[in-house]
Amino acid sequence: MTERASTETVSASQPLRFRSLAAFGSGTAGVAFFMIPTASLMLFYFTDVAGISAAVAGVIILLMRGLDAVVDIPLGLIIDKWKPGRFGKFRRWLLIIPIPILITTVALFSIPQLGPVGTVAWAVVAYSLFGVLYSCLDIPLGSIGASMTQRPADRTKLSSARSITLLGVQTLVVALVLPMLTPDRDLRTVFTVTILILGVIGTILVVTAAFGTRERVARPSGSVSARDGLHMLITNRPLLIISFAAFLCFSAAAVFNGAMIYYMRDILGALQLAPIVSGISFALTVTAALLAPWLVRRIGKRRTFFVAATTSFAGTIVLLFADGVVAGFTGIGLFNGGLGLIVVMCFAMQADTVEFGQWRSGVRAEAVAFAVFAFVTKWAASLGGAVGAFVLAWGGYVAGQAIQSDTALAGIRMSFAAVPAVLVALGIVLVAFYPLTDARFAEIARDLELRESDDSGSSREAAHVAASAQ
């Protein structure tokens with residue numbers, strides 16, 4: 001059976017309506033209104049507003065991200081263990097968490113002047129609480145995608161909606177907030193008011209997603225024990241492969257983005273053109289996300305991933321060996337365009353591993369599956385940034401120096417191109433061993449449907465026998 005034929009077979013289930021896709025995108029955008037400001041502005045707020053030293057701020061951010069990642073898998077086990085309620089297994093979290101995370105986020109960006117120790121203590125407590133609450137919001141939302149549909153094209157559309165809304169919110173927040181961060185403003189007030197407004201918008205969008213999405217994929221009755229969830233995890237080879245592949249590719253993105261400013265300034269000498277690069281990258285990412293469902297229908301998810309990763313790899317090769325603004329923009333465009341498609345495919349392929357885990361172990365554990373994925377992507381963001389910094393230091397980069405040495409420039413190019421190239425190449429090799437092709441997924445989905453039908457038939461027959469006995 002070909003991958004395309006198998007996709008058409010699975011697509012026989014009822015397609016998602018546009019309003020369901022829009023509701024899921026609304027939830028993703030809502031979560032992004034909490035996550036993007038924290039990821040983009042936290043370091044600046046700690047150093048330039050709260051008065052925390054850069055070294056201490058870096059330690060806080062790295063350690064708290066590590067804590068956040070460690071929480072994910074146990075939290076996924078807890079979410080899967082709870083029985084579905086009126087709002088399903090996952091959507092109720094979208095109603096419970098928004099207000100607490102809104103209060104915590106505002107507190108995180110409203111640190112009072114408590115002296116050095118008190119300020120750091122406030123930052124640690126608020127950032128830790130934010131990380132836990134963010135996981136309580138992000139994992140259920142990500143798990144909803146696997147519970148809304150089993151159609152490959154629709155899962156790709158959900159992943160595309162996630163990628164587009166995340167990047168859209170990032171572009172919007174950066175464009176609106178950065179111009180306000182001038183020395184003549186009261187930055188404490190600016191941050192408190194701005195974060196409050198963004199948080200209220202995020203809360204409204206997340207609640208909208210709770211009422212607009214539906215968990216339509218049938219699951220076995222009863223809750224999932226921690227033991228069953230862990231068994232599903234360790235026996236789910238496709239999930240482990242795509243999670244590690246995502247770790248490699250997202251680490252490449254973290255290194256790449258961290259070195260962007262140095263490449264634009266010190267190698268191209270065109271830092272003033274950074275907004276143009278950002279606009280081009282956004283357009284290419286949206287284009288890639290919109291093309292993803294079309295590509296999946298024709299060549300399948302795994303091959304689409306190969307196309308995406310090869311495109312990004314080609315971009316790094318251009319950046320590694322070519323010089324000049326045109327070549328630089330070409331390489332950046334290739335990398336970001338391929339990366340946008342990689343993100344879409346990673347989320348779509350991760351959703352398919354839920355059915356594999358259910359078929360392999362008898363346990364349907366969407367939250368655990370997504371928690372593993374969230375765990376590795378968060379570590380990718382932390383470790384990827386650290387690797388980029390180490391490579392810059394290896395090259396002898398000197399902060400504030402107008403003209404960098406040849407070795408420093410080589411270090412920048414290594415950080416911006418060579419390291420991402422190696423990471424993406426390793427991701428390609430890893431996905432070559434990903435066994436869950438669209439053809440195999442179609443077979444598994446049909447087998448699960450037959451199991452569900454047999455279980456329902458057995459239940460009806462048992463009920464009939466019991467009634468006859470009475």
Note, ³J(HN,Hα) from phi for the stretch 319-332, Karplus 6.51, -1.76, 1.60, rounded to Hz, x at Gly and Pro: 5, 6, 10, 9, 10, x, 5, 4, 5, x, 5, 5, x, 4
I need the calculated FRET efficiency for the pair Ile276 and Arg216, taking r as the beta carbon distance and R₀ as 56 Å, to the nearest 0.05. 0.85
Any chance you could look up the accessible area of Ile204 with a 1.4 Å probe, heavy atoms only, rounded to 10 Å²? 110
For the stretch 81-135, run through the chymotrypsin sites (Phe, Trp or Tyr not before Pro) and keep only the ones in DSSP coil with at most 12 other Cβ atoms within 10 Å of their Cβ. none
In sequence order, what are the phi-derived ³J(HN,Hα) couplings for the stretch 108-125 according to the Karplus relation 6.51 cos²θ - 1.76 cosθ + 1.60 with θ = phi - 60°, rounded to whole Hz, with x for glycine and proline? 5, 9, 9, 5, x, 7, 10, x, x, 5, x, 5, 5, 4, 4, 4, 5, 5
Contour minus Cα-Cα span, Asp447 to Ile197, at 0.36 nm per residue, comes to 85.2 nm
Roughly what would the spin-label model give for Arg92 and Ala121, points 7 Å off Cα along C-beta, in nm? 3.6
Using a cut-off of 16 Å between alpha-carbon atoms, which lysines can reach Lys81, once sequence neighbours fewer than 8 places away in the same chain are excluded? Lys89
Determine the sum of side-chain charges near Ala209: Lys and Arg each +1, Asp and Glu each -1, restricted to other residues whose C-beta is under 14 angstrom from that of Ala209. +3
Roughly speaking, what is the stretch gain from Phe18 to Ala432, that is 0.36 nm per residue apart minus the C-alpha to C-alpha distance, in nm to one decimal? 145.7 nm
Show the residues, 5+ positions off or on another chain, whose built amide H is closer than 5 Å to the amide H of Gly88. none
The summed charge of the Leu409 Cβ neighbourhood (under 13 Å; Lys/Arg +1, Asp/Glu -1) stands at -1
If ligands, DNA and RNA are left out, what is the accessible area of Val277 with a 1.4 Å probe, given in Å² to the nearest 10? 10
Given a 1.4 Å probe and the protein chains all in place, what does the accessible area of Asp323 round to, in Å² to the nearest 10? 110
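The values are calculated or read from the model by the stated rules, or taken from the named source; none is laboratory data. Owing to the predicted nature of the structure, the values given are computational and were not obtained by experimental measurement. Quick reminder, even Gly has a Cβ in these numbers, built from the backbone with ideal geometry, and neighbours come from all protein chains shown. For the accessible areas, the whole protein counts, side chains as well, though only heavy atoms, and no ligand, DNA or RNA atoms are used. Shrake-Rupley method; radii C 1.70, N 1.55, O 1.52, S 1.80 Å.
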